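Undergrad: Sharing a structure here in structure tokens format.
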């Protein structure tokens, strides 16, 4: 399995609103909605003076009223970048795990009370924002980011007694379905709805050409880690963010 390809997929499947290429680094901007869409991915070789480059990236993000955030993966260039950022006072946050799963023998869902839409709509947005407690000010950027996904996508909602109790997103590219924003209503957790949502989304992925799945999970989210392990996901690699608040 090509782990760097997973990183490419994650960049494609959770897009930004604009990007700036700087000497092999990908600078992403999305009005501050999620670190994934508002961070620097240093995944290609760097040739410029590193001190000058880091300083200029800080200035660029400050001009956009955003902190400078780096996504640190096993593929960063230069490989010493994480230590350099730590020495400059960048904090390490959100240690996360990229996990993968083969869909050869995926378990079938026992609940099928789901709706999967291939385009974002207000009904899904309203339910997701309610369940995930998305701030009203972030909703426009969120809608634009999700509308900017260029490959096949499925916005899933799981119903119980006529109410949406869990929702999420699957994005298919190169025979992988990436899972994003999987969330269960706090009043309905620990009842198996999250697992049924995942299994239905993976079933949809298989029906649409996916042979594998990947997802990202923050390492301190123990319930999610346990659920993904139960389904069969295994860690491919870890990543984290380095952040320095330079917004003025």
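No lab work stands behind these numbers, since they all come straight from the coordinates. As the structure is a prediction and not an experimental result, all values here were calculated from the model. Positions of Cβ are generated from backbone atoms using ideal geometry, with glycine treated the same way; all protein chains shown enter the neighbour counts.
Undergrad: How large is Rg over Rh for the chain, taking Rg from the Cα atoms and Rh as the Kirkwood inverse mean of 1/r across Cα pairs?
TA: 0.98
Undergrad: Let me ask something additional. Determine, at each q value in 0.21, 0.23, 0.27 (inverse angstroms), the log₁₀ of I(q)/I(0) that the Debye formula gives when each Cα of the range 162-228 is one equal point scatterer.
TA: -0.89, -1.02, -1.24
Undergrad: A follow-up question, please. Provide 65, 44, 105 in ascending order of the number of other Cβ atoms located within 10 Å of each residue's Cβ, fewest first.
TA: Starting with the residue having the fewest Cβ neighbours, the order is 105, 65, 44.
Undergrad: Another question, then. Which value in nm describes the separation of the simple spin-label points at residue 102 and residue 118, placed 7 Å from the Cα toward the beta carbon?
TA: Taking the simple label geometry, residue 102 and residue 118 are separated by 2.9 nm.
Undergrad: Okay, next question. Could you check how many percent of all C-alpha pairs in the range 1-74 are farther apart than 20 Å?
TA: Distances greater than 20 Å cover 27 percent of the Cα pairs.
Undergrad: Under a 10 Å cutoff between Cα atoms, tell me which one of 47, 34, 19 has the largest fluctuation in the Gaussian network model of the chain.
TA: Comparing 47, 34, 19 in a Gaussian network model of the chain, the most mobile one is 47.
Undergrad: Arranged from highest to lowest average of other beta-carbon atoms within 10 Å per residue, in what order do the peptides 79-89, 148-158, 185-195 appear?
TA: By packing density, highest mean first, the sequence is 148-158, 185-195, 79-89.
Undergrad: Something else now. I need to check one value: relative contact order of the range 57-184, counting alpha carbon pairs closer than 8 Å and at least 6 residues apart, in percent.
TA: 18 percent
Undergrad: By how many degrees, between 0 and 90 and to the nearest 10, does the Cα long axis of helix 50-63 differ from the longest principal axis of the chain?
TA: 60 degrees
Undergrad: In nm, what is the difference between 0.36 nm times the number of residues separating residue 62 and residue 151 and their Cα-Cα distance?
TA: That pair, residue 62 and residue 151, stretches by 28.9 nm at full extension.
Undergrad: Per 0.36 nm of contour for each residue apart, how much would the distance between residue 187 and residue 206 grow if the chain were fully extended, relative to their Cα-Cα spacing?
TA: Gain in length upon complete extension: 3.8 nm.
Undergrad: Report, for the chain, the % of DSSP beta bridges that are antiparallel, rounded to 5.
TA: The answer is about 90 percent antiparallel.
Undergrad: Relative to the first principal axis of the alpha-carbon coordinates of the chain, what is the inclination of helix 122-132, with its axis defined by its Cα atoms, in degrees from 0 to 90 and to the nearest 10?
TA: On a 0 to 90 degree scale, this one is about 70.
Undergrad: Can you compute the modelled spin-label distance between residue 51 and residue 92, with each label point 7 Å from Cα toward Cβ, in nm?
TA: 2.5 nm
Undergrad: Further question: Calculate the length of the line joining the C-alpha centroid of the range 109-125 to that of the range 186-248, in whole Å.
TA: Using only Cα atoms, the two centres lie 17 Å from each other.
Undergrad: Neighbouring Cβ atoms within 10 Å as the yardstick, rank 18, 96, 41 fewest first.
TA: Least to most surrounded, the residues fall as 18, 96, 41.
Undergrad: On full extension of the chain, what length is gained from residue 19 through residue 5, given 0.36 nm per residue of separation minus the C-alpha to C-alpha distance?
TA: 3.1 nm
Undergrad: Take the Cβ-Cβ distance between residue 84 and residue 159 as r, set R0 to 41 Å, and report the resulting FRET efficiency rounded to the nearest 0.05.
TA: Approximately 0.25, to the nearest 0.05.
Undergrad: Nearest 10 degrees, 0 to 90: what angle lies between the long axis of helix 3-13 and the longest principal axis of the chain (Cα atoms)?
TA: 80 degrees
Undergrad: Based on the alpha-carbon set only, what is the convex hull volume of the range 105-210 divided per residue, in Å³?
TA: 93 Å³
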